[in-house]
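The values are calculated or read from the model by the stated rules, or taken from the named source; none is laboratory data. Every value quoted in this text rests on a predicted model; they were computed, and no experiment measured them. Positions of Cβ are generated from backbone atoms using ideal geometry, with glycine treated the same way; all protein chains shown enter the neighbour counts.
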Amino acid sequence: MGSTLAEKILSRNSGSAVRAGDIAVVPVDLAFVQDTTGPLTVRQFQASGLKRLANPKRTVLFLDHAAPSPRSEHSNDHLLMRRFAEEQGCLIFDVGDGVCHQIVAERLANPGEVIVGADSHSVTAGALGAFATGMGSTDVAIAMGLGKTWLRVPETMRILTTGKFPTGVFVKDLILHLIGKIGADGATYKSLEFGGDVVDGMGMPDRLTIANMAVEAGAKVGLFPSDRITESFLKKHGRGDKYIPLQPDQGATCETTIEVDVSKLEPTVSRPHTVDNVALARELKGTKIQQVFIGTCTNGRIEDLEVAAAILKGKERNSRTRLLIAPASRQVYLDAIEKGYIQTLVKAGALILPPGCAACLGLHQGILADGESCLSTANRNFKGRMGNTQSFIYLASPATAAASALAGEIVDPREVM
Amino acid sequence: MLRGKAFKFGDDISTDLIVPGRLAHLRSNLPELAKHVLEDADPKFASKVKPGDFVVAGKNFGLGSSREHAPLVIKMAGVSAVLAKSAARIFFRNAINQGLPVLICDTDKISDGDELEVDLGAGVIKDLTNGAVLTSGRIPEVMLRILESGGLIPYVQRYGDIKL
């Protein structure tokens with residue numbers, strides 16, 4: 001009997017052949033927290049009686065959610081985390097370094113590893129063939145101290161992709177379409193495993209965008225094979241030696257298989273207040289937008305800024321629509337400066353925010369007014385998510401976001417591309 | 001045996017509705033944060049709930065963020081268990097880690113304000129107001145032991161390790 005990617009990785013790490021439904025104790029290869037979950041992790045670690053981190057060089061603290069701190073309470077949380085890092089000798093990425101998931105992908109995650117992060121979007125590293133999942137502060141505190149965790153081996157929902165993306169349609173449209181189809185709880189507890197022709201040719205940035213949103217369908221992990229694309233990404237980031245090939249077996253048992261022909265997709269938008277409430281961008285034409293936000297662990301990479309810059313080049317945002325852009329990491333920011341995208345975007349009226357989570361979760365940097373709508377490239381549009389329960393959040397691709405910033409309302413980006 | 005009143009919520013109650021990001025600065029001040037529990041779903045909940053009461057919800061309760069502060073403040077409010085048609089994975093695990101039981105059952109049979117009696121060991125929920133009897137599925141052995149210990153920290157203090 002063949003194995004799914006989840007079964008393969010967890011068998012490899014637990015040291016015994018496990019199947020969906022089994023419970024396994026597995027060593028943790030990388031554990032991380034961010035500044036809104038990390039302080040509780042530090043306190044729980046101290047309460048547990050565990051004195052030292054099992055693996056300080058693979059324990060990472062990120063200050064990205066309130067970055068830089070907008071209030072003294074966050075500043076004190078940051079201080080607590082910096083002191084803990086110093087005491088324990090673990091890694092810390094400070095304010096301005098970028099969003100945890102982007103840095104994990106750029107510098108830390110490797111195929112075949114088990115990664116736990118105290119952030120639901122820790123699933124992002126599934127793009128590299130790592131069993132990467134989000135947990136709470138206490139689970140991660142214990143993983144940091146014991147160097148292991150327990151996991152139920154998830155059943156697999158396989159997503160088989162075929163076809164060719166039409167112009168103006170991107171992987172963000174694919175994942176929004178998929179979540180609309182299966183629902184915000186359609187993959188709860190499951191492994192979403194992506195395969196097919198489209199995936200075989202898909203670059204790492206696109207894989208990261210898709211894996212990132214697996215949790216929006218309730219999934220425990222969003223897994224991609226580890227292949228030549230993974231290998232070249234690892235090489236580019238100076239860790240080619242960490243490459244191992246990983247593919248699901250032909251005869252693997254998947255609970256369900258869903259086929260998506262990407263040739264048939266159109267620019268897609270999630271409407272307030274759930275991610276599965278999807279519509280086509282053209283169906284929402286005329287929906288006024290007061291703020292466009294391009295960034296986050298979903299779509300704040302250099303390829304995303306490239307798409308936005310191409311659409312906005314030589315043009316100016318609608319005077320009634322603010323345009324906020326946050327590169328996902330310091331590296332992305334530097335690349336965007338070097339390639340001239342930042343200049344293009346600023347000329348088009350964009351405000352560049354520091355690398356980090358920025359406006360995504362309602363802490364700072366772009367909180368909406370009552371009745372306002374934001375079109376965002378993030379992953380979540382829950383009521384109140386961006387700091388005001390009386391506002392509205394739409395989710396879309398960077399292309400749809402950039403085109404809508406020009407129009408001042410939601411438009412199909414193919415109108416301007 | 002747990003006994004208390006049902007506070008009914010709908011489907012898809014996200015962690016943003018339980019403890020919103022705009023209050024993230026209170027996460028190191030839990031007593032203050034707990035005053036806002038479920039505020040964006042029901043502004044009066046925190047002032048009405050009494051020790052022993054139940055949060056009763058529809059499907060996908062606790063979806064979204066991994067913030068463990070969500071089950072933490074629900075527990076601090078005195079809620080003895082969460083009953084839902086289904087729960088998001090991270091919330092479910094976080095709740096158990098905080099020693100807050102989550103029972104998956106057909107909550108359509110329960111109305112807001114009903115008096116409930118819950119036998120955690122047997123997984124049986126009795127609605128004393130309308131007479132309905134509901135059952136919930138079993139949770140894995142390891143979770144049961146974490147719950148019995150009062151959460152993951154007391155569990156690790158007791159066993160010193162994760163044991164299956």
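Things to note:
- Selection over segment A:71-119 of residues that are more than 14 Å from chain B (Cβ to nearest Cβ) and in contact with an Asp or Glu (Cβ under 7 Å, 6 or more places away or on another chain) gives a count of 4.
- Among residues of segment A:230-244, those that are without any contact (Cβ under 8 Å) to a residue 60 or more places away in the chain and either touching an Asp or Glu at 6+ places or on another chain (Cβ under 8 Å) or of a type in the set (Lys, Arg) (or both), counted: 3
Yes/no per residue for (1) touching a residue at least 24 places away in the same chain (Cβ under 8 Å); (2) in contact with a helix residue (DSSP H, G or I) (Cβ under 9 Å, 6 or more places away or on another chain); (3) among the β-branched types (Val, Ile, Thr):
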residue	(1), (2), (3)
B:48	yes, no, no
B:70	yes, yes, no
B:74	yes, yes, yes
B:84	yes, yes, no
B:89	no, yes, no
B:98	yes, yes, no
B:107	yes, no, yes
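- Among the residues of segment B:144-153, the ones that are facing another protein chain (nearest Cβ under 9 Å) and assigned to a helix (DSSP H, G or I) come to 2 in all.
- In this structure, residue A:62 does satisfy being surrounded by 15 or more Cβ atoms within 10 Å (Cβ to Cβ), among the aromatic types (Phe, Trp, Tyr) and either at pLDDT below 95 or within 23 Å of residue A:328 (Cα to Cα) (or both).
- Scope segment B:55-77; condition within 11 Å of chain A (Cβ to nearest Cβ) and not charged (D, E, K, R); matching residues: B:58, B:60, B:61, B:62, B:63, B:64, B:65, B:66, B:69, B:70, B:71, B:72
- Options B:118, B:102: the member that is more than 13 Å from residue B:9 (Cβ to Cβ), more than 14 Å from chain A (Cβ to nearest Cβ) and of a type outside the set (Gly, Ala, Ser): B:118
- When residue A:133 is tested against (1) within 7 Å of another protein chain (Cβ to nearest Cβ); (2) closer than 21 Å to residue A:213 by Cβ, only condition (1) is not met.
- Any chance residue A:43 is within 14 Å of chain B (Cβ to nearest Cβ) and either assigned to a helix (DSSP H, G or I) or modelled with pLDDT of 95 or more (or both): yes
- Conditions (1) surrounded by fewer than 18 Cβ atoms within 10 Å (Cβ to Cβ); (2) among the charged types (D, E, K, R); (3) more than 11 Å from chain A (Cβ to nearest Cβ); (4) more than 24 Å from residue A:272 (Cβ to Cβ): number failed by residue B:32: (3)
- Taken over segment A:351-385, the residue count meeting the criterion of being closer than 16 Å to residue A:70 by Cα and at the interface with another protein chain (Cβ under 8 Å from one of its Cβ atoms) is 4.
- Residue that is nearest to the other protein chains (Cβ to nearest Cβ) [pool: residues in segment B:43-54 that are part of a loop (DSSP other than H, G, I, E, B) and surrounded by fewer than 17 Cβ atoms within 10 Å (Cβ to Cβ)]: B:43
- Inclusion of residue B:121 among residues that are more than 17 Å from residue B:78 (Cβ to Cβ), modelled with pLDDT under 95 and assigned to a loop (DSSP other than H, G, I, E, B) is warranted.
- Selection count where residues are assigned to a helix (DSSP H, G or I) and of a type in the set (Val, Ile, Thr), scope segment A:156-172: 1
Yes/no matrix, rows are residues, columns are (1) part of a strand (DSSP E or B); (2) more than 12 Å from chain A (Cβ to nearest Cβ); (3) of a type in the set (A, V, I, L, M, F, W, C):
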| position | (1), (2), (3) |
| --- | --- |
| B:22 | no, no, no |
| B:36 | no, no, no |
| B:79 | no, yes, yes |
| B:112 | no, yes, no |
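- For beta carbons closer than 8 Å, sequence separation of 6+ or different chains, a first residue in segment A:138-157 that is facing chain B (nearest Cβ under 9 Å) and a second that is part of a helix (DSSP H, G or I) and among the basic types (Lys, Arg), the qualifying pairs are A:139/B:93.
- Selection of first residues in segment A:5-28 that are free of Cβ contacts under 8 Å to residues at least 12 places away in the same chain and of second residues that are β-branched (Val, Ile, Thr), restricted to Cβ pairs under 7 Å at least 6 apart or on distinct chains, gives the following pairs, ordered by first then second residue: A:11/A:18.
- Those residues of segment B:123-143 which are under 18 Å from residue B:84 (Cβ atoms), among the hydrophobic types (A, V, I, L, M, F, W, C) and within 14 Å of another protein chain (Cβ to nearest Cβ), in sequence order: B:139, B:143
- Meets criteria (outside the structural domain of residue A:358 (by TED's automatic domain parsing), part of a helix (DSSP H, G or I) and among the β-branched types (Val, Ile, Thr)) for residue A:95: no
- The single residue among B:141, B:115, B:68 that is surrounded by fewer than 17 Cβ atoms within 10 Å (Cβ to Cβ), at pLDDT 95 or above and in contact with a Leu (Cβ under 9 Å, 6 or more places away or on another chain) turns out to be B:115.
- From A:127, A:109, A:132, A:105, residue being in contact (Cβ under 8 Å) with a residue 12 or more places away in the chain and touching a Phe, Trp or Tyr at 6+ places or on another chain (Cβ under 6 Å): A:127
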